[in-house]
Amino acid sequence: MDLGSVLAVRARCGGPPGHSVDVSASFLGRRGFTRFDVEDAVGAALAGRLGLAYHPRRAGARPPEGGLSWRVTIVEDRATVAVRVGARPLHRRQWKTVGVPGSLHPPLAAAMVVLAGVRAGERVLDPCCGAGTLAIEAAHTGAFATGMDVDPAALAASTHNGRGAPVRWARADAGALPVATAGVRRVLLNPPWGRLVERAGLLARSPGLLGQEVRRVLEPGGTAVLLVPESRPAPSEFSVERRIPVALAGSRLAVLVLR
Ligand SMILES: C[S@@+](CC[C@H](N)C(=O)[O-])C[C@H]1O[C@@H](n2cnc3c(N)ncnc32)[C@H](O)[C@@H]1O
């Protein structure tokens, strides 16, 4: 690896100088080694070449702030080695300080925003917003986002997380949304499935209202992106454009892109 030019690009992008080395590795498939073996092998080599200390993650300790953080991903016989530009991991959003049960990891929410094709200026709705992750990630693209939830505690969390973000929050039941027919271009949805989060309000008695309401408020040609347990069918009101499997904290889920 040409470390000199990699670190020069990082510095040009505003990356601060690092005073140590840490590595986070992952791989697909069965291997005769662990992720920690990969981290130690790559970390020792990088630290040796850069003349810096290496901080292993094997014992579970979080590396000190201000280090050069490297990422190794092995797929089949190819390893990709990347270096973080910023001082902090981007997946740890500074705005997300409060969660609710079932709250989304922000990078998954950001991926759902991309899959929905959200663009600046579009109207976007999350009708079951919880701590607001999807609506806030959508607002960061320049969209006009609205987050609704029936639970006042969820709205308190989303309002707190969303301070400073241009998102409108409202208390509403997703079974009878206070939104005009064809009033939004994109719907982002991580609904309650009665596992980690119970359905409340109208959805407790009539879960099918959710699909009907999302269909009603969506503009013709608009997109809904929905996170569901892997085996769950899509709401019958929609056709599935893409079904993307997602493994999340031991659960098998799917992101559905619906039209
Ligand atoms: C899985 S959580 C959403 C988590 C959210 N995506 C986040 O990142 O924090 C589902 C949410 O649906 C809400 N909910 C349950 N029944 C509802 C209903 N009838 N109308 C609107 N929201 C409802 C719950 O209060 C909960 O906040």
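The values are calculated or read from the model by the stated rules, or taken from the named source; none is laboratory data. On a predicted model such as this, the values are computed, not experimentally measured, just so you know. Here Cβ is always computed from backbone atoms with ideal geometry, including for glycine, and neighbour counts include all displayed protein chains. Heads up: the accessible areas ignore ligands, DNA and RNA and are worked out on the full protein's heavy atoms, side chains in. Shrake-Rupley method; radii C 1.70, N 1.55, O 1.52, S 1.80 Å.
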Counting only residues in the range 235-259 that are under 23 Å from G175 (Cα atoms) and open to solvent by 80 Å² or more (accessible area, probe 1.4 Å), the one farthest from the chain's Cα centre (by Cα) is identified as S236
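Specify the residue that is farthest from the chain's Cα centre (by Cα); the eligible residues are those in the range 120-150 that are away from the ligand (no atom under 11 Å from the Cβ) and hydroxyl-bearing (S, T, Y). Quick ask: steps written out before the conclusion?
Restricting attention to the range 120-150, the residues satisfying the condition of being away from the ligand (no atom under 11 Å from the Cβ) are 120-125, 138-146.
So of that shortlist, the ones also hydroxyl-bearing (S, T, Y) come out as 141, 146.
Working: T141: 14, T146: 18 Å.
Applying the filter and picking the extreme gives T146.
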Kindly indicate whether any position in the range 28-48 is in a strand (DSSP E or B) and closer than 23 Å to L90 by Cα.
no
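Going through the range 183-204 one residue at a time, which ones are of a type in the set (V, I, T) and either in a loop (DSSP other than H, G, I, E, B) or near the ligand (Cβ under 7 Å from one of its atoms) (or both)?
Filtering the range 183-204 down to residues of a type in the set (V, I, T) leaves 184, 187, 197.
Scanning the range 183-204 gives a single hit, V197.
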For V114, all conditions in the list (1) modelled with pLDDT of 95 or more; (2) within 30 Å of E219 (Cα to Cα); (3) surrounded by 13 or more Cβ atoms within 10 Å (Cβ to Cβ) hold save one; what is the number of the exception?
(3)
Which members of the range 82-111 meet the condition of being touching a helix residue (DSSP H, G or I) at 6+ places or on another chain (Cβ under 7 Å) and more than 16 Å from the ligand (Cβ to nearest atom)?
V83, V85
Identify, from the list V197, V167, the residue that is at pLDDT below 95 and hydrophobic (A, V, I, L, M, F, W, C).
V197
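Determine whether the range 52-70 contains at least one residue that is among the aliphatic types (A, V, I, L, M) and at pLDDT below 95.
Scanning the range 52-70 turns up at least one residue that is among the aliphatic types (A, V, I, L, M) and at pLDDT below 95.
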Can you name every residue in the range 164-177 that is farther than 25 Å from L115 by Cα and open to solvent by 70 Å² or more (accessible area, probe 1.4 Å)?
R171
With respect to A153, determine if the residue is surrounded by fewer than 23 Cβ atoms within 10 Å (Cβ to Cβ), within 9 Å of the ligand (Cβ to nearest atom) and modelled with pLDDT of 95 or more.
yes
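For every residue, the table says whether it meets (1) open to solvent by 60 Å² or more (accessible area, probe 1.4 Å); (2) on the phi > 0 side of the Ramachandran plot.
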{"position": "S5", "(1), (2)": "no, no"}
{"position": "S24", "(1), (2)": "no, no"}
{"position": "F33", "(1), (2)": "yes, no"}
{"position": "E39", "(1), (2)": "no, no"}
{"position": "G60", "(1), (2)": "yes, yes"}
{"position": "G67", "(1), (2)": "no, no"}
{"position": "T73", "(1), (2)": "no, no"}
{"position": "D77", "(1), (2)": "yes, no"}
{"position": "V81", "(1), (2)": "no, no"}
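Table: residues versus (1) surrounded by fewer than 24 Cβ atoms within 10 Å (Cβ to Cβ); (2) in contact (Cβ under 8 Å) with a residue 24 or more places away in the chain; (3) assigned by TED's automatic domain parsing to the domain that holds S251.
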position: I136; (1), (2), (3): no, yes, yes
position: M148; (1), (2), (3): yes, yes, yes
position: V187; (1), (2), (3): no, yes, yes
position: P233; (1), (2), (3): yes, no, yes
Among the numbered criteria (1) buried (at least 18 other Cβ atoms within 10 Å of the Cβ); (2) in contact with a helix residue (DSSP H, G or I) (Cβ under 9 Å, 6 or more places away or on another chain), which one does L218 miss?
(2)
Scanning the range 215-231 for residues that are among the basic types (K, R) and in contact (Cβ under 8 Å) with a residue 24 or more places away in the chain gives R216
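Give the range 205-215 a look and list any residue that's open to solvent by 60 Å² or more (accessible area, probe 1.4 Å) and of a type outside the set (D, E, K, R), or say none.
Of the range 205-215, the ones open to solvent by 60 Å² or more (accessible area, probe 1.4 Å) are 205, 207, 212, 215.
Residues satisfying the conditions are P207, Q212.
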